[in-house]
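**Q** Take this structure first; my questions come after.
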Amino acid sequence: MTQTPQATRSLPPVPPRSKSRSAVHFVGELLITIGVLLLLFVAWQLWWTDVLAHKAYNEGRAELRQEWGVTDAGGTPNAVKPKYGKSFGLIYIPALRDRAWGVPVLEGTEREVLMKGFGHHPETAVPGEKGNFAIAGHRTTYGAPLNNIDTLEKGDEVIVETKSGWYVYELEAQEIINPWDGWILDPVPGLPSNTEPRDAKITIYSCHPKYTANQRYVWFGSLVEEMPKSAGTPPAIEKWGE
């Protein structure tokens, strides 16, 4: 049987994809890839850095406990002169105990230091010493010990544990400042930098608002109690444990 010309006719060729359609397809795939990468980055920032920080916290606490060993026999605890990058104490903030409980405080405020806990400004006083014990901590990422610094209130405690004793500071005033306001590190914040300190103070700060570094959220306080390890532990530590 002879086929008709209509029966032998082939399908028309598929027209080539236009350059504009190819470009749109490429841009779409690129945006999807960027979106996935951004999600992975956010997960790393908000989750994985916390994992790393808590691992560092545990290692820092274990190292301190081993170094401290047997505590002093009594008397007033001695001020500790820390070495840069090394842990020398533990910070407990009862009002923020979900994140800031037994967090190591290290000498220095560089990025690699703050990844492991609180950072102490070397030029400021040490715990219990007359002057200004100034420390910084992350508000987001790396454990975020000061995630809720804005919920602290006047009268809240910041407790510092060192080898020889406990230092209990009470928060007194709060302020939001610019990043370049270095006066918060003065021996007596708010007074001329050459003012001779008469009391032991604390300054604790973090970035503000959350997820930005536009400002600093600062709390100031004073030492209200110090006690050697042999005298026991502060009431908040007895209540919540170390």
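The values are calculated or read from the model by the stated rules, or taken from the named source; none is laboratory data. Note that the structure is a prediction, hence the values are computed from the model and not measured. Using ideal geometry, Cβ is built from the backbone for each residue, glycine included, and neighbour counts are taken over all protein chains shown.
**Q** Looking only at segment 118-136, decide whether some residue is over 23 Å from PRO197 (Cα atoms) and not in a loop (DSSP other than H, G, I, E, B).
**A** Yes, the conditions are met somewhere in segment 118-136.
**Q** Does LEU146 meet the test of being out of contact with any helix residue (DSSP H, G or I) (no Cβ under 6 Å at 6 or more places or on another chain) and either farther than 30 Å from VAL51 by Cβ or modelled with pLDDT of 95 or more (or both)?
**A** Here the answer is yes, as LEU146 does meet what is asked.
**Q** State all residues of segment 42-87 that are of a type in the set (Gly, Ala, Ser), at pLDDT 80 or above and farther than 26 Å from THR141 by Cβ; if no residue qualifies, say none.
**A** Selection gives GLY69 alone.
**Q** Just name the residue that is surrounded by the fewest Cβ atoms within 10 Å (Cβ to Cβ) out of those in segment 170-208 that are in a strand (DSSP E or B) and over 19 Å from the mean Cα position of the chain (by Cα).
**A** Among them, the one singled out is ALA173.
For every residue, the table says whether it meets (1) acidic (Asp, Glu); (2) within 20 Å of THR162 (Cα to Cα).
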site: ARG198; (1), (2): no, no
site: TYR205; (1), (2): no, no
site: LYS210; (1), (2): no, no
site: ALA213; (1), (2): no, no
site: GLU225; (1), (2): yes, yes
site: TRP240; (1), (2): no, yes
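**Q** Please verify whether TYR211 is closer than 21 Å to LEU114 by Cα and exposed (fewer than 14 other Cβ atoms within 10 Å of the Cβ), treating the condition exactly as stated.
**A** Considered against the rule, which asks whether it is closer than 21 Å to LEU114 by Cα and exposed (fewer than 14 other Cβ atoms within 10 Å of the Cβ), TYR211 comes out as yes.
**Q** Moving on to the next point. Looking at segment 83-97 only, could you name the residues that are on the phi < 0 side of the Ramachandran plot and free of Cβ contacts under 8 Å to residues at least 40 places away in the same chain?
**A** If the condition is that a residue be on the phi < 0 side of the Ramachandran plot and free of Cβ contacts under 8 Å to residues at least 40 places away in the same chain, then LYS83, TYR84, LYS86, SER87 are the ones that fit.
**Q** For residues that are surrounded by 12 or more Cβ atoms within 10 Å (Cβ to Cβ) and assigned to a helix (DSSP H, G or I), tally how many sit in segment 214-242.
**A** Residues flagged as surrounded by 12 or more Cβ atoms within 10 Å (Cβ to Cβ) and assigned to a helix (DSSP H, G or I) within segment 214-242 amount to 7.
**Q** Is it the case that some residue within segment 128-148 is touching a residue at least 12 places away in the same chain (Cβ under 8 Å), surrounded by fewer than 12 Cβ atoms within 10 Å (Cβ to Cβ) and more than 23 Å from ALA62 (Cβ to Cβ)?
**A** No; the residues of segment 128-148 include none that is touching a residue at least 12 places away in the same chain (Cβ under 8 Å), surrounded by fewer than 12 Cβ atoms within 10 Å (Cβ to Cβ) and more than 23 Å from ALA62 (Cβ to Cβ).
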